[in-house]
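Each value in this text was obtained by applying a stated rule to the coordinates, not by laboratory testing. In this text the structure is predicted, and so the values were computed from the model without any measurement. Because the Cβ atoms are built from the backbone with ideal geometry, glycine has one as well, and the counts that use them run over all protein chains shown.
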Amino acid sequence: MTAVDIAGLLRRRPERFASLLRTVWGLVEAGELGPLPVRARDFADAEDAMRTMARGEHIGKIVLTAPARSGPVRPQPLPGGRLRAGGTYLITGGLGALGLSLAEFLAASGAGAIALLGRSAPDDPGRIEALRATGARVGVWSADVADEQRMREVLDEIRTRFPPLRGVFHAAGVLDDATLLGLDAGRIERVLRPKAHGARVLHELTADDGLDLFVLFSSAAAYVGTAGQAAYAAANSALDALALERRRAGLPGLSVQWGPVSGIGLAARSADRGDRLADRGLGGVDVDACWRALRRFIETDEAVVAYAALDPERWRETYPATASQSSWQSLAASDRTVVDTGLRNVPARRRRELVEEVVRRDAAFVLRVDGDKLARDVPLRSLGLDSLMSVELRNRLESSLGLRLSPTLLWKYGSLARLGAALSELFDTSGTSDTEGSAAHG
């Protein structure tokens with residue numbers, strides 16, 4: 001078999017090309033040369049058709065027909081069960097412990113090149129060198145993912161220096177916990193910017209990259225509504241919405257509502273925050289288990305999915321209003337009613353003592369102190385009770401006593417003695433256990 005460079009022949013020896021063309025065209029007109037054979041294949045068989053062409057086993061043309069029968073065309077994020085050795089995968093928030101762990105997982109899963117992006121220096125530069133030692137190409141960029149101009153520059157550099165971009169993992173985020181009354185525009189923007197705005201920048205700037213994966217690291221806060229994290233929950237809900245928006249447009253999109261990850265991640269940066277979430281029923285998950293779950297979510301083509309060590313019963317005990325949320329109905333084992341504590345039938349003096357002991361126990365739990373060391377007349381605020389703790393304590397008292405309590409209760413009746421007396425009176429003034437009495441309103 002002889003191959004002829006037709007384009008080269010036309011450029012270098014146009015007279016020779018013209019002579020050959022006249023000869024061939026004469027054969028066509030004489031009927032001695034017929035049309036090339038055509039093999040029709042459905043669009044749905046395009047993958048097999050491309051393999052046939054690559055093997056060079058056919059003569060003529062392969063024509064794809066009936067596109068309406070092919071259904072949606074989706075990328076293959078794990079061809080042959082592996083990430084692409086000839087592809088690059090971008091990780092925002094990639095220089096922290098969680099991002100570096102994700103990078104190690106991607107490299108072990110076959111990723112040929114990894115682009116790590118963060119606003120600060122790497123937590124552990126040695127891990128980056130170890131990652132390179134595995135054979136993966138690793139690049140590091142310093143950037144604010146919400147800065148569109150800077151991200152254009154970064155992505156242009158990645159496209160120039162590295163193989164084609166095949167996946168984006170958006171794991172950047174910032175926490176700034178506060179109750180609603182403590183929020184202002186600046187604090188909300190600080191939380192929204194890296195997550196919601198950054199995700200939108202990535203979505204728009206990678207529109208032409210032919211991605212296999214666009215994975216958004218959302219949070220269980222978007223599902224369970226963690227106290228003091230209204231802005232954070234909103235930012236992560238925006239990620240969930242973006243994943244769905246992309247899928248409606250025929251683009252890859254996966255948003256994972258991660259719970260706390262043991263030892264690393266945003267929750268781990270404050271031991272107190274992680275411990276409190278665990279006490280409320282939202283425990284930590286091993287990071288390796290997270291990556292196994294992530295692979296499963298990719299393989300099963302999930303859109304928005306939660307992965308968290310959640311104890312629904314304990315969470316509902318801490319946040320009784322949770323049971324009324326529609327998103328929790330699938331987790332509710334049974335209809336729940338307010339528990340009758342029996343305190344309504346106890347003589348007033350004894351009831352006050354019992355209620356005060358409940359307050360002491362719950363306050364000690366929230367403050368993380370020995371209950372026996374809590375003085376009856378010392379304001380709880382002076383012992384460190386802040387606005388977030390007050391929400392937790394109020395919710396625990398509602399669950400323990402079977403009462404509905406005013407948000408201002410703990411600030412008006414701030415000591416064990418005053419709070420115990422006010423709560424005890426509610427059993428006399430409220431007709432039912434879930435009615436707010438006048439003392440609770442303050």
Checklist entry - Using the beta-carbon distance between Met50 and Ser382 and R0 = 45 Å, what value does 1/(1 + (r/R0)^6) give for FRET efficiency, to the nearest 0.05? => result 0.05
Checklist entry - Quick one: of the DSSP bridges fully inside the stretch 163-291, what percent are antiparallel, nearest 5? => result 10
Item to check | Spin-label pair Leu27/Glu204, simplified geometry with 7 Å Cα→Cβ offset, distance in nm | outcome: 5.7
Next on the checklist: Quick check: residue separation of Arg349 and Thr134 times 0.36 nm, minus the Cα distance between them. What number comes out in nm?
Outcome noted: 70.3 nm
Item to check | Gained length - Asp5 relative to Ser142, 0.36 nm times residue gap less alpha-carbon distance | outcome: 44.6 nm
Item to check | Residues in the stretch 278-313 that a label on Asp123 would reach, taking backbone N under 13 Å of a point 7 Å out along Cα→Cβ | outcome: 287-288
Next on the checklist: Quick check on packing: order 175-181, 194-200 by the mean number of other C-beta atoms within 10 Å, highest mean leading.
Outcome noted: 194-200, 175-181
Item to check | Dimensionless Rg ratio for the chain, taking C-alpha atoms and the 2.2 N^0.38 Å reference | outcome: 1.41
Checklist entry - Based on the Kirkwood radius over alpha-carbon pairs, what value in µm²/s does the Stokes-Einstein equation return for the translational diffusion coefficient of the stretch 11-163 at 20 °C and 1.002 mPa s? => result 106
Checklist outcome for this item: Check: C-alpha center the stretch 347-362 vs C-alpha center the stretch 30-92, spacing in Å is 75
Item to check | Amide H contacts of Tyr307 (H built 1.01 Å from N, under 5 Å, at least 5 apart or other chain) | outcome: Gln257, Trp258, Gly259
Next on the checklist: Within the chain, which is the longest segment that contains none of the GluC sites (Glu not before Pro) sitting in a DSSP loop with at most 14 other Cβ atoms within 10 Å?
Outcome noted: 58-442
Checklist outcome for this item: By Cβ neighbour count within 10 Å, fewest first, Tyr413, Tyr307 rank Tyr307, Tyr413
